[in-house]
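The values are calculated or read from the model by the stated rules, or taken from the named source; none is laboratory data. Everything quoted here is computed from the prediction, not taken from an experiment. Because the Cβ atoms are built from the backbone with ideal geometry, glycine has one as well, and the counts that use them run over all protein chains shown.
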Amino acid sequence: MTVSSSGNSSLVEERRRAIERCIDWVETYGRQRMEEDGSHHDYPHVLKLDRIEFVTTTSSDSDKNAAPMVGLFAKESIRKGDTLVTIPEACVLSESHPLLMDLARVCIDSAMKAFRDNLTTQWKQKSNTRNPWNSFANEQSQGRVLCLDELRLALQLTLLVYAHRVKASIGGTLGDAATHFKSYLEALPPSYESLIFNWTDEEMELLKGTACHAVALRLRREVEENWEQSFASVLEEYLQQQLQPNDKVDSTLLKESYFHAICSIYSRMHSLDAANFASTTVTAETNTRTLCPLLDMLNGDKEYSPRCNVHVLHYPGIHVAVQATRDIAKGDEVIFSYGQISSQVFVTKFGFVPVASTTGKPLIDGLDVVHVVPPPKLVWEEGDERRWKSLTSDKNKVLERRHLTEFPPEDGTPFAFMGSPIDMAKVRGSESWRPVYLNNLHLYALFSLSNDDGAEVVVEPFEPGSIILDMIDYRLDQMPTIDDDLVSNASGNKKTAILCRMLEREILTMWRHAIAKQYECYGETSPTTGKKYLPLRGQKEGCAVCQTAFSGPLKSCTRCKAVFYCGRGCQKEDWKAGHKEACKPVSS
């Protein structure tokens, strides 16, 4: 048996059989390639089924109807440098595949032209300007979350999935391509409940207040708009030409195929050649995004995670391979790196938050971003752009106030905190140092305290920091604390959303302390709200100084054992601040 299964679900059994058929298909083309190349080939086909196995299981033991999950595991010890799997290029789904090139020219190019024309029209309606704080406004994505090459491959897959589902109704080039990739199409997951596109309203509600929420909403709406405004009519017209005169395109099935393709591409694709990644003109020849059967079933983790033990190698014109980067013990899962991406991307792209194996709590990454927008009391009156213009050196941009709304805007914001403990420590320990990305916050605070007529005013040292703290506290109020029982009892998408909120609360809490220390705000009173700034005490099992709860292992004071610290820096700070007098040794 080449594929193991766990659980009694019929869905699991169906997925297991589909994977076995896909393995047979890959092996057939691998052997064929070896026979064509002869004994002189340097890279023979490898699929070490005596040493590895694809394990299919349900995502939850309590939910036998859950979508089957797949992982690749070592059946015996594997040594560093061993090649575990190779996928011949005949089995790799890419736009440059000979069977798909014609589809690109007669259909995909037309669909992407409709997409670009539609975006151009939208930009003209908005005075042809881009929000300078729109983190998605780059040439490769054309101002959208999904990049052009991702969309092109998704449309190719949409046609294949639809042709496969309607079976004999479609012939010609598309029919031949669907027949060729049949085994792979059947091995794709039947559903993608964990991906952000399919989260319920209740699950999305748990993300509210996080920076991830606006991105997720935008992504979901973008996928729907792309279909309705750009892709549906082009694909329907093309498919109608492939059908018999009396047949008609099933619009509902086609849309389902599109959403299934988007989920597959967004969560499972590989980029085999990054040379053209920045290209603004994507064609079938330059599109680097691919789907690799069997390889796309490998699970991944953050780059440099100790769990990662393989990497993917591409031998152009020959095959794609998975090679061990270190020794892998029997029973270990084969894990590759998803690259340097933020937890926000993990949630929206893969449907989970990486957690520490020791604590089960989220891992803070320097790439994690928490957007902060001013509370309503700090938002300027309509038409007042003087302070806002001070935040950009590009005076030719038409600036918008959309980011100055109560909730995080879809187009991003200049007010952001990065999840960098190193930056936090430096801000806390210096009187003036700020990372570049925090300058906007500082300037915003200074100009908010100045007179409208530009006259010089005296600003107390703590006042700029107090405004920043007001903004942080406003966001923390939007994300109430999470009870430990709620975390332990949650599962699936609900748990992912809760962990995401925990992560952003942690980052904001740590930054709150760092900024309060630099601006010496503790003990001062807010000029806007009248409240007194104090450390956030009472967080369960948190650091006594900076309140962090899971950025690292907490250690107790060796003398009194009564207080906990995240590190030596906080312990020294607390000792000087008064713990030296309060600390009492534990009685023997």
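Assorted remarks:
- Yes/no for Glu520 being assigned by TED's automatic domain parsing to the domain that holds Pro421, among the acidic types (Asp, Glu) and surrounded by 18 or more Cβ atoms within 10 Å (Cβ to Cβ): no
- In region 485-495, the condition of being of a type in the set (D, E, K, R) and not in a helix (DSSP H, G or I) is met by no residue.
- Condition check for Ile87: outside any loop (DSSP other than H, G, I, E, B), at pLDDT 90 or above and under 22 Å from Asp332 (Cβ atoms): yes
- Meets criteria (modelled with pLDDT of 90 or more, among the aliphatic types (A, V, I, L, M), in a helix (DSSP H, G or I) and over 23 Å from Thr288 (Cβ atoms)) for Ala163: yes
- Complete set of residues in region 344-360 that are touching a strand residue (DSSP E or B) at 6+ places or on another chain (Cβ under 9 Å) and more than 18 Å from Arg220 (Cα to Cα): Val353, Pro354, Val355, Ala356
- Which listed residue is at pLDDT 90 or above and farther than 29 Å from Met204 by Cα, from Ala514, Ala582, Ala544, Ala562: Ala514
- Which numbered condition Tyr184 fails, given (1) aromatic (Phe, Trp, Tyr); (2) modelled with pLDDT under 95; (3) farther than 16 Å from Cys107 by Cβ: (2)
- Residue match in region 176-191 (condition: assigned to a helix (DSSP H, G or I), closer than 30 Å to Arg501 by Cβ and not aliphatic (A, V, I, L, M)): no
- Within region 341-362, restricting attention to residues that are part of a loop (DSSP other than H, G, I, E, B) and over 14 Å from the mean Cα position of the chain (by Cα), the residue that is farthest from Thr496 (Cα to Cα) is Thr358.
- Residue match in region 310-319 (condition: hydrophobic (A, V, I, L, M, F, W, C) and out of contact with any Phe, Trp or Tyr (no Cβ under 7 Å at 6 or more places or on another chain)): yes
- The set of residues in region 223-261 being hydroxyl-bearing (Ser, Thr, Tyr) and within 18 Å of Leu160 (Cα to Cα) consists of Ser233, Tyr238, Ser251, Thr252, Ser257, Tyr258.
- When Leu313 is tested against (1) in a loop (DSSP other than H, G, I, E, B); (2) surrounded by fewer than 15 Cβ atoms within 10 Å (Cβ to Cβ), exactly one condition is not met: (1).
- Qualifying positions in region 23-63 - modelled with pLDDT under 70, in contact with a strand residue (DSSP E or B) (Cβ under 6 Å, 6 or more places away or on another chain) and closer than 30 Å to Gly492 by Cβ: Ser59
- One residue from Ser230, Ser191, Ser251 being at pLDDT 90 or above, of a type in the set (Gly, Ala, Ser) and surrounded by fewer than 17 Cβ atoms within 10 Å (Cβ to Cβ): Ser251
- Neighbours by Cβ (under 6 Å, 6+ apart or cross-chain): first from region 363-377, modelled with pLDDT of 75 or more; second part of a strand (DSSP E or B) and buried (at least 22 other Cβ atoms within 10 Å of the Cβ): Val370/Phe417
- Residue within region 553-561 that is under 32 Å from the mean Cα position of the chain (by Cα) and crowded, with 18+ Cβ neighbours inside 10 Å present: yes
- Test for Asp273: is it modelled with pLDDT under 90, charged (D, E, K, R) and assigned by TED's automatic domain parsing to the domain that holds Gly81: no
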